[in-house]
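Asker: Please see the structure below; I have some questions.
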Amino acid sequence: FCHHICMVDIVIVGSVALDSVKTPFGAVSDALGGAASYSAFAASFFSKPGIVGIVGSDFPREHLELFRSRNISTAGIKISNGKTFRWSGYYEYDMNQAHTTDTQLNAFENFSPSIPEDYKSAKNLFLANIDPSLQLSVLEQMTPSLVVADTMNYWIEKKKEQLLEVIKKSNVFLLNDSEARELFKTTNLISAGRKILALGPGAVIIKKGEHGALLLTDGKIFSLPGYPLENVRDPTGAGDSFAGAFIGYLSKSGFDENSVRKAVVYGSAVASFNVEDFSLNRLKKIAMNDIEARYKEFEAMVKF
Ligand code: AMP
């Protein structure tokens, strides 16, 4: 029994990775990345996340220590004998578009998420971008009251049926604009969003990169512009840090329309910091008061 030590508020299932990324503003190789890393770090500003994922024996200990220093539980990160998942990509001047040059699944290849006993009573779950069959297997292992799920175009193309099942079982579904169009073969984001709501989620968020995010709930629409940043250095992890801060805020606030809108603003604020530097370098340097300041800037920006 270790209630207060081991309990987590949010379970986050997804990739923990070593990323090699090049943008017009610099490059990193084998830097800490992965959807679970970005989202857990972002969520840790608001509450206590625990990561469920897998790494290899080559994964630097300092990254696990970084998570623990942020009060992120690493009890659900399995350390396998193989190598850590690696993603390589680059961005050109249109930084909304990531170009993948290499994906090495390594340890991730045989990953089957197993939720630690201590995590099973968590009320909040973030299913980051992984195979929808694995997302479904997580949903069979726990009964959270809030399920937020993400995906990518690869799964829309390869596992649409399972992905639709995940959507049906989610409270909030996140996707970007091109994925929304692809999923329902439509040019119109509002109509794609409505089709997702019809499957069951109480809210759908369509991310439009630097152009902000669109939130659709029952009969209502909320649209937030992107934070007007001039120094975007690396967009990797924008969606994941958005999602982490989003569910982090909701884990403390409850799930009413107003809170979901505020969570979109917090998600956008944290994502805007994340893209100012490579890997988690920017998020490592900010504190809650920086996030609050950007939240207020958003508030001033949309007031009329
Ligand atoms: P984002 O920029 O928010 O879409 O997410 C970028 C992160 O996703 C990177 O840190 C990668 O390590 C991770 N990633 C890239 N491809 C995959 C994949 N196929 N499965 C899981 N994670 C991935």
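The values are calculated or read from the model by the stated rules, or taken from the named source; none is laboratory data. Being a predicted model, the structure only gives us computed values, none of them experimental. Positions of Cβ are generated from backbone atoms using ideal geometry, with glycine treated the same way; all protein chains shown enter the neighbour counts. All accessible areas refer to the heavy atoms of the entire protein, side chains included, with ligands and DNA or RNA removed. Shrake-Rupley method; radii C 1.70, N 1.55, O 1.52, S 1.80 Å.
Asker: Can you tell which of L189, T217, A35 lies farthest toward the positive end of the dipole of the chain, using +1 and -1 charges on the Cβ of basic and acidic side chains (Lys, Arg; Asp, Glu)?
Answerer: T217
Asker: Can you give me the distance in nm between label points at H211 and S29, each placed 7 Å from the Cα along the Cα-to-Cβ direction?
Answerer: 3.6 nm
Asker: Just grab the label-to-label distance for A300 and S223, each label 7 Å out from Cα along the Cβ direction, in nm (one decimal).
Answerer: That separation, rounded to one decimal, is 2.4 nm.
Asker: Additional query: List, in the order given, every pair from K120/K158; K123/K252; K83/K285; K120/K262; K158/K185; K159/K185 whose Cα-Cα distance in the structure shown is over 18 Å. Spell out each step's value before the answer.
Answerer: Values: K120/K158 29 Å; K123/K252 11 Å; K83/K285 29 Å; K120/K262 27 Å; K158/K185 15 Å; K159/K185 15 Å.
Check vs 18 Å cut-off fails for K120/K158; K83/K285; K120/K262.
Asker: Where both residues lie in the range 33-113, what percent of DSSP beta bridges are antiparallel, nearest 5? Don't skip to the end; give the middle numbers.
Answerer: Details: 5 of 10 bridges.
The answer is about 50 percent antiparallel.
Asker: Turning to a different aspect of this structure: Please name which of H99, S57, T74 has its Cα lying farthest along the dipole of the range 52-127 towards the positive end, using unit charges on Cβ (Lys, Arg +1; Asp, Glu -1) and the Cα centre as origin.
Answerer: So the residue furthest toward the plus end is T74.
Asker: Counting Lys and Arg as +1 and Asp and Glu as -1, each charge on the Cβ, what is the dipole of the chain about the Cα centre in debye, to the nearest 20? Could you put the intermediate results ahead of the total?
Answerer: Numbers: 32 positive and 34 negative charges, 113 e Å.
Using only the charged Cβ atoms, the result is roughly 540 debye.
Asker: Report the Cα-based extents of the range 163-292 along its three principal axes, largest first, to the nearest Å.
Answerer: Dimensions of the range 163-292 along the principal axes of its Cα atoms: 41, 31, 24 Å.
Asker: Using the Cα atoms of the range 90-188, I'd like the radius of gyration and the largest Cα-Cα distance, Dmax, both in angstrom.
Answerer: Rg, Dmax (Cα atoms, Å): 15.1, 46.
Asker: Next question, about the same structure. Once label points are set 7 Å from the Cα along Cα→Cβ at both I79 and R194, what is their separation, rounded to one decimal in nm?
Answerer: A separation of 5.3 nm, rounded to one decimal place.
Asker: Using a 1.4 Å probe on the protein heavy atoms only, what accessible surface does K208 show? Give it in Å² to the nearest 10.
Answerer: Solvent-accessible area, nearest 10 Å²: 50 Å².
Asker: Then there's this: Would you mind listing how long the range 1-117 runs along its three principal axes, going by Cα atoms, in whole Å with the largest first?
Answerer: Each principal axis gives a Cα extent; for the range 1-117 these are 51, 32, 22 Å.
Asker: What's the local net charge at R86, with K and R +1, D and E -1, over the other residues with C-beta under 15 Å away?
Answerer: Around R86, the surrounding residues sum to -3.
Asker: With +1 assigned to the C-beta of every Lys and Arg and -1 to the C-beta of every Asp and Glu, and no other charges, what is the dipole magnitude of the range 190-250 about the Cα centre in debye, to the nearest 20?
Answerer: It comes to approximately 260 debye.
Asker: Along each principal axis of its Cα atoms, how long is the chain end to end? Whole angstroms, biggest number first, please.
Answerer: Answer, in whole Å and largest first: 53, 43, 39 Å.
Asker: Further question: Express the carbon and sulfur contribution to the solvent-accessible surface of the range 37-186 as a percent, rounded to the nearest whole number, probe 1.4 angstrom.
Answerer: Carbon with sulfur: 45 percent of the solvent-accessible area.
Asker: Report the extension gain between M7 and S137 in nm, rounded to one decimal, defined as 0.36 nm multiplied by the number of residues separating them, less their alpha carbon distance. It would help to have the intermediate numbers written out before the result.
Answerer: Details: separation 130, 0.36 × 130 = 46.80 nm, distance 2.10 nm.
Gain on extension, M7 to S137, equals 44.7 nm.
Asker: Please work out how much accessible surface L250 shows to a 1.4 Å probe, ignoring ligands, DNA and RNA, in Å² rounded to 10.
Answerer: Answer for L250: close to 10 Å² accessible.
Asker: Loop by DSSP (not H, G, I, E, B), at most 15 other beta-carbon atoms within 10 Å: where is the longest site-free stretch of the chain for GluC sites (Glu not before Pro)?
Answerer: Longest gap between qualifying sites, sites excluded: 93-229.
Asker: Taking a probe of 1.4 Å, how large is the accessible area per residue of the chain, in Å²?
Answerer: Spelled out: the 1.4 Å probe surface of the chain, per residue, equals 44 Å².
Asker: Evaluate the charge dipole of the range 123-241 about its Cα centre and quote only its size in Debye, nearest 20, assuming +1 on the Cβ of each Lys and Arg and -1 on the Cβ of each Asp and Glu.
Answerer: Dipole about the Cα centre, nearest 20: 380 debye.
Asker: What are the ³J(HN,Hα) couplings of the range 98-111, residue after residue, when phi is run through the Karplus curve with 6.51, -1.76, 1.60 and θ = phi - 60°? Round to Hz, x for glycine and proline.
Answerer: Along the range 98-111, the couplings run 8, 10, 7, 9, 7, 10, 10, 5, 6, 4, 5, 4, 10, 6 Hz.
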